[in-house]
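The values are calculated or read from the model by the stated rules, or taken from the named source; none is laboratory data. Since the structure is predicted, the reported quantities are computational estimates derived from the model, not experimental observations. Positions of Cβ are backbone-derived with ideal geometry, glycine not excepted, and every protein chain shown enters the neighbour counts.
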Amino acid sequence: MIRIFLLLLFFFGCQHQAPKPNAALALRYPAAQYNDFDPNPCAYRFMYNEVSTPVLLSSCGTTLDYPLLKAKVYVTYFDLSETSLDTLFMDFEKRLKIFGKGTQRINESAYEDKENEVLGSCVTLVGDSPSNLHFFATDTKSHFISGSLLFSTAPNYDSLAPAIGYIRNDVQKMLETLRWQ
């Protein structure tokens, strides 16, 4: 008799429906709106997302601060009359090796604008890296910029991937609108 009671309790007692929690975290960032950044007297200008705040540093370097994302994009400018292009490329590759340890994959997209003499690359390191996004642009004669993305949080690619993608679009826009002066 007790077995029948337990069996009936099991079948009929567990019939209520419980709501299931949402499984995915939905991060929404504002639609990108771009403004012109012309750091006088520096030898370049580009468009930046108004979600970020550009800060001109010494030697014509720039930081794009993303307070909403707790991230910064560091842009460094080099005059090729003072620094070798080969050395800058080697430094870029060395940086990728250092930050690429422990990553599963490297995604690279090249960019070329012959009319405005801009040749560049944007590299995403997929995995738990202190810096998942690196880029450079040059005219191969006079100018070279190099940049990296850093977050003010522990490196967890799964959590940071939406923010990395958002900022990667901004970096792509930066490369597309980069003009040497």
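Selection of segment 39-68 for residues being surrounded by 19 or more Cβ atoms within 10 Å (Cβ to Cβ), out of contact with any Asp or Glu (no Cβ under 9 Å at 6 or more places or on another chain) and at pLDDT 95 or above yields only Thr62. For segment 103-118, what are the residues that are over 21 Å from Tyr44 (Cα atoms) and at pLDDT 90 or above? Residues satisfying the conditions are Asn107, Glu108, Ser109.
For (1) within 20 Å of Leu57 (Cβ to Cβ); (2) surrounded by fewer than 13 Cβ atoms within 10 Å (Cβ to Cβ); (3) within 18 Å of the chain's Cα centre (by Cα); (4) free of Cβ contacts under 8 Å to residues at least 60 places away in the same chain, each residue gets a yes or a no:
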{"residue": "Gly100", "(1), (2), (3), (4)": "no, no, yes, yes"}
{"residue": "Asn107", "(1), (2), (3), (4)": "no, yes, yes, yes"}
{"residue": "Ala110", "(1), (2), (3), (4)": "no, yes, yes, yes"}
{"residue": "Glu115", "(1), (2), (3), (4)": "no, yes, no, yes"}
{"residue": "Gly120", "(1), (2), (3), (4)": "no, no, yes, yes"}
{"residue": "Leu125", "(1), (2), (3), (4)": "no, no, yes, yes"}
{"residue": "Asp128", "(1), (2), (3), (4)": "no, no, yes, yes"}
{"residue": "Lys141", "(1), (2), (3), (4)": "no, yes, no, no"}
{"residue": "Thr153", "(1), (2), (3), (4)": "no, yes, yes, no"}
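For segment 126-142, the count of residues that are part of a helix (DSSP H, G or I) and among the acidic types (Asp, Glu) is zero. Of the residues making up segment 154-161, not a single one is modelled with pLDDT of 95 or more, outside any helix (DSSP H, G or I), of a type outside the set (Asp, Glu) and more than 22 Å from Ala32 (Cβ to Cβ).
Each residue in segment 171-181 was checked for being in a helix (DSSP H, G or I) and either touching a His at 6+ places or on another chain (Cβ under 8 Å) or farther than 21 Å from Asp128 by Cα (or both), and 6 pass.
Looking at segment 63-102, which of its residues are outside any strand (DSSP E or B), closer than 25 Å to Pro41 by Cβ and of a type in the set (A, V, I, L, M, F, W, C)? Of everything in segment 63-102, those that are outside any strand (DSSP E or B), closer than 25 Å to Pro41 by Cβ and of a type in the set (A, V, I, L, M, F, W, C) turn out to be Leu80, Leu85, Leu88.
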